[in-house]
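Asks: Pasting in a structure now, in structure tokens, and then I'll have a few things to ask.
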Amino acid sequence: MAPFPSHPIPLLFLLFSFLPLLSLSAVDQPYKTYIVRIDSQSKPSIFPTHYHWYTTEFTDAPKILHTYDTVFHGFSATLTPDHAATLSQHPSVLAVFEDQRQQLHTTRSPQFLGLRNQRGLWSDSDYGSDVIIGVLDTGIWPERRSFSDVNLGAIPARWKGICEVGERFSARNCNKKLIGARFFIKGHEAASGSTGPITPINETVEFKSPRDADGHGTHTASTAAGRHVFGASMEGYAAGIAKGVAPKARLAVYKVCWKNAGCFDSDILAAFDAAVKDGVDVISISIGGGDGISAPYYLDPIAIGAYGAASRGVFVSSSAGNDGPNLMSVTNLAPWIVTVGAGTIDRNFPAEVVLGNGKRLSGVSLYAGLPLSGKMYPLVYPGKSGVLSASLCMENSLDPNMVKGKIVVCDRGSSARVAKGLVVKKAGGVGMILANGISNGEGLVGDAHLIPTCALGSDEGDTVKAYVSATSNPAATIAFKGTVIGIKPAPVVASFSGRGPNGLTPEILKPDLIAPGVNILAAWTDAVGPTGLDSDTRKTEFNILSGTSMACPHVSGAAALLKSAHPDWSPAAIRSAMMTTANTFNNLNQSMTDEATGNVSSSYDLGAGHLNLDRAMDPGLVYDITNNDYVNFLCGIGYGPREIQVITRSPVSCLEKKPLPENLNYPSIAALLPSSAKGATSKAFIRTVTNVGQPDAVYRFTIQAPKGVTVTVKPPKLVFTEAVKKQSFIVTITANTRNLMPDDSGAVFGSLSWSDGKHVVRSPILVTQIDPL
């Protein structure tokens, strides 16, 4: 997602089996799209296919949008609420939920991950040429050089996908690089056909095909797997060679999101179904909800689709959302999904505001037009009047008499950063200073503004406003410094990156890790200029974007390389390799910090740390997880057999004694201690590691205990041989909750590391207090 989208529709899912029948007559009721989960094993033998059964017993054929048979069993259809409520009473129906809209989570980064040419991971894996990455997004602009198939071998024989033709997209647009493309629109069309806020697709600006009218999908696909492109830049910024993380991996594109319209659950689920059937190895999905509201896993189509994929060996990488730095803002929380937050890279695009009093303030910009060349202009802050819309430079809020010929200070928030510049331009302003508020702190992202603009952190923004207030004729100019490499410290956790704790199952630490997500250069569509504004007529082959959307495909590309080098590793083993080898130090060799506060970041900010691919190639030990382990976890969090079957597809029965959810074999440990306990409280965690390094190895542990907590580990060493590949251990965490000194997030943090002298296998530990329900 590009950061700070407008608030998405809240994720209010309805399980109609628990609702009374509505009193409206069917005539009065609007049709809505519902996703219906069927127990596929109860199909009467009289019906030759599930589709025949659905259209005979449940609804008419024209009302069915998608049928699902791979990651999910059932269908989506347009129904009245009464019909949906009736269906939910049917013995073969496990769940009925309403279709919801999700949002997108919007060229040195491969080097910055520890990827060096012809050494380590890149050479070992032939750059992932046997691996297929499925990208669920806004489609692709196939002509970009990033998607060339020059010198690529034959398409993997197991590939079963298609190149779906449509508007301005033919079978010739696929090649040995872009091996498949599909689009999913029925959920969107059904929503826009009914009354409500969803408008039909505007065919003057959108393509009913896999072609990308938005740019986001082209950007994420090329970040994961773009080919080497020489002479890449965004209007001169970030010039150099552009390449994705896995430049030889194959791409399959599933367009589920539509320009200015979001992405519907029913279409997302259909894309998961198709991608797994087609034969992808990795799914990259930079989509999700917002506002830290998460539906239970059995009502969350991304979680359901991802389970269907992961249970068949497909690695699923998703974005953590852009609602940071608020606590509990992380999204995509299921333990079978790899949840990726965003960090900065060591490249920046500095700009400087010079005030009339000689003060110089550092900021960021990607403005590429005519410079101001040091000329001072009058400076104005419309927010001085106290009118909120004017302070935010909202549409039609600025008085041209007040801003004409001046540099205008605009507060960040409520509208797109680039759109504010357009408002200033229309009112006759010559430039803009974009000031962060408290919520964004010092977190800055570059934008390809249409007028000379510099973004400032909240402290510098306050300095500018104080200068305007205290000066009779305030003036300023803006200087643009181009591209600077070698910025220290880096990485820093991006202020917008979604933060823990996990609001659904706090026993599982989320996010899992962070990856580059600030000012990322990647391929772009020709359908729209770099700002994405309708009035931006510039064409650019590459664009620079920020968001956890940009971090997610870095991990997808990394998974492709790891899968290529270790074809027998499960998705959980690949995630474990990334997490246990992640960096927690920056390029100054100090603990990573948080852009929002400047303080040292915690596991709620960066999970296990920042992706380090060279080390992930050879992690030593991995924490593996089976489908059965996930079922035990779902039993442990209190889901019943029907709810679990919605996710797992096959019926399950939970044990009498509920398994503990924290005993899922996750590469991190979250201890939730009851706050009501008197005296010391202990909790034990069981973990099992699999040796994937040299067969004969002895590992010993070291503990960094969280403040005020005692951590013990038994046994003290793990001995592996040719015959003994797996070893289990118990971690006991003891604390007196009265004496715990948690930070502002309510937790204390530490780590457990196992080492054989060559490998270090690190797991974050967090301890927090919780009131039992």
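The values are calculated or read from the model by the stated rules, or taken from the named source; none is laboratory data. All of these numbers come straight from a predicted model, not from anything done at the bench. Cβ atoms come from the backbone with ideal geometry, glycine included; neighbour counts cover every protein chain shown. The area values use the complete protein model at the heavy-atom level, side chains included, leaving out ligands, DNA and RNA. Shrake-Rupley method; radii C 1.70, N 1.55, O 1.52, S 1.80 Å.
Asks: Taking the stretch 156-175 as the search range and keeping residues that are out of contact with any Asp or Glu (no Cβ under 9 Å at 6 or more places or on another chain), assigned to a loop (DSSP other than H, G, I, E, B) and open to solvent by 70 Å² or more (accessible area, probe 1.4 Å), which one is farthest from Phe264 (Cα to Cα)?
Replies: Filtering the stretch 156-175 for residues that are out of contact with any Asp or Glu (no Cβ under 9 Å at 6 or more places or on another chain), assigned to a loop (DSSP other than H, G, I, E, B) and open to solvent by 70 Å² or more (accessible area, probe 1.4 Å), the one farthest from Phe264 (Cα to Cα) comes out as Ala157.
Asks: Just checking, does the stretch 711-724 include any residue being under 22 Å from Ala680 (Cβ atoms), open to solvent by 80 Å² or more (accessible area, probe 1.4 Å) and part of a strand (DSSP E or B)?
Replies: Looking through the stretch 711-724, at least one residue is under 22 Å from Ala680 (Cβ atoms), open to solvent by 80 Å² or more (accessible area, probe 1.4 Å) and part of a strand (DSSP E or B).
Asks: Taking the conditions exactly as written (open to solvent by less than 20 Å² (accessible area, probe 1.4 Å) and not in a strand (DSSP E or B)), does Leu766 satisfy them or not?
Replies: No.
Asks: Listed residues Ser365, Ser385; which is among the small types (Gly, Ala, Ser) and open to solvent by less than 20 Å² (accessible area, probe 1.4 Å)? Don't jump to the end; show me each part of the working.
Replies: Details: Ser385 fails: open to solvent by less than 20 Å² (accessible area, probe 1.4 Å).
Matching residue, one of Ser365, Ser385: Ser365.
Asks: Considering only residues of the stretch 740-763 that are surrounded by 16 or more Cβ atoms within 10 Å (Cβ to Cβ) and touching a Lys or Arg at 6+ places or on another chain (Cβ under 6 Å), which is farthest from Thr712 (Cα to Cα)?
Replies: Val748
Asks: Here's another thing I want to ask about it. Among the numbered criteria (1) more than 29 Å from Gly240 (Cβ to Cβ); (2) open to solvent by less than 50 Å² (accessible area, probe 1.4 Å); (3) outside the structural domain of Val528 (by the TED database), which one does Ile438 miss?
Replies: Unmet condition: (2).
Asks: Only one of Asn332, Asn357 is open to solvent by 10 Å² or more (accessible area, probe 1.4 Å), polar (S, T, N, Q) and in the same structural domain as Gly421 (by the TED database); which?
Replies: Details: Asn332 fails: in the same structural domain as Gly421 (by the TED database).
Sole residue among the options that is open to solvent by 10 Å² or more (accessible area, probe 1.4 Å), polar (S, T, N, Q) and in the same structural domain as Gly421 (by the TED database): Asn357.
Asks: Out of Ala490, Ala448, report the one residue that is within 34 Å of the chain's Cα centre (by Cα) and farther than 28 Å from Val528 by Cα.
Replies: Working: Ala448 fails: farther than 28 Å from Val528 by Cα.
Going through Ala490, Ala448 in turn, just one is within 34 Å of the chain's Cα centre (by Cα) and farther than 28 Å from Val528 by Cα: Ala490.
Asks: Continuing with the same structure: For residues in the stretch 109-150 being of a type in the set (Ser, Thr, Tyr) and modelled with pLDDT of 95 or more, which is farthest from Val165 (Cα to Cα)? Explain how you work it out, then say what you get.
Replies: If we filter the stretch 109-150 for residues that are of a type in the set (Ser, Thr, Tyr), which is where we start, we get 109, 123, 125, 127, 129, 138, 146, 148.
This time we only want the ones that are modelled with pLDDT of 95 or more, so: 138, 146, 148.
Numbers: Thr138: 16, Ser146: 21, Ser148: 19 Å.
Here the answer is Ser146.
Asks: I want to confirm something. Restricting to the stretch 477-498 and keeping residues that are in contact with a Lys or Arg (Cβ under 9 Å, 6 or more places away or on another chain) and crowded, with 24+ Cβ neighbours inside 10 Å, which single residue is nearest to Leu327 (Cα to Cα)?
Replies: Filtering the stretch 477-498 down to residues in contact with a Lys or Arg (Cβ under 9 Å, 6 or more places away or on another chain) leaves 477, 479, 483-487, 490, 493, 498.
Filter once more, keeping what is crowded, with 24+ Cβ neighbours inside 10 Å: 493, 498.
Values: Val493: 14, Gly498: 8 Å.
Within the stretch 477-498, the match that is nearest to Leu327 (Cα to Cα) is Gly498.
Asks: I'd like to verify a number: residues in the stretch 736-763 that are over 28 Å from the mean Cα position of the chain (by Cα), of a type in the set (Gly, Ala, Ser) and assigned to a loop (DSSP other than H, G, I, E, B), how many?
Replies: 1
Asks: Answer with yes or no whether Pro20 is surrounded by 15 or more Cβ atoms within 10 Å (Cβ to Cβ), modelled with pLDDT under 80 and either out of contact with any His (no Cβ under 6 Å at 6 or more places or on another chain) or outside any loop (DSSP other than H, G, I, E, B) (or both). Give the derivation first.
Replies: Values: surrounded by 15 or more Cβ atoms within 10 Å (Cβ to Cβ): no; modelled with pLDDT under 80: yes; either out of contact with any His (no Cβ under 6 Å at 6 or more places or on another chain) or outside any loop (DSSP other than H, G, I, E, B) (or both): yes.
In short, no.
Asks: How many residues, within the stretch 23-60, are at pLDDT below 90 and touching a His at 6+ places or on another chain (Cβ under 6 Å)?
Replies: Summing the residues that are at pLDDT below 90 and touching a His at 6+ places or on another chain (Cβ under 6 Å) in the stretch 23-60 gives 1.
Asks: Now for a different question. Considering each residue of the stretch 599-630, count those that are outside any loop (DSSP other than H, G, I, E, B) and either within 28 Å of Asp744 (Cβ to Cβ) or open to solvent by less than 20 Å² (accessible area, probe 1.4 Å) (or both), and give that number.
Replies: 11
Asks: Which count do you get for residues in the stretch 446-473 that are open to solvent by 10 Å² or more (accessible area, probe 1.4 Å) and more than 15 Å from Cys410 (Cβ to Cβ)?
Replies: The total comes to 9.
Asks: Limited to the stretch 307-329, what total is found for residues that are more than 27 Å from Pro491 (Cβ to Cβ) and open to solvent by 20 Å² or more (accessible area, probe 1.4 Å)?
Replies: 3
Asks: Scan the stretch 242-271 residue by residue and report those that are on the phi < 0 side of the Ramachandran plot and part of a loop (DSSP other than H, G, I, E, B).
Replies: Taking the stretch 242-271 and keeping what is on the phi < 0 side of the Ramachandran plot, we get 242-259, 261, 263-271.
Within the stretch 242-271, Lys243, Gly244, Val245, Ala246, Pro247, Lys248, Ala249, Val256, Lys259, Ala261 qualify.
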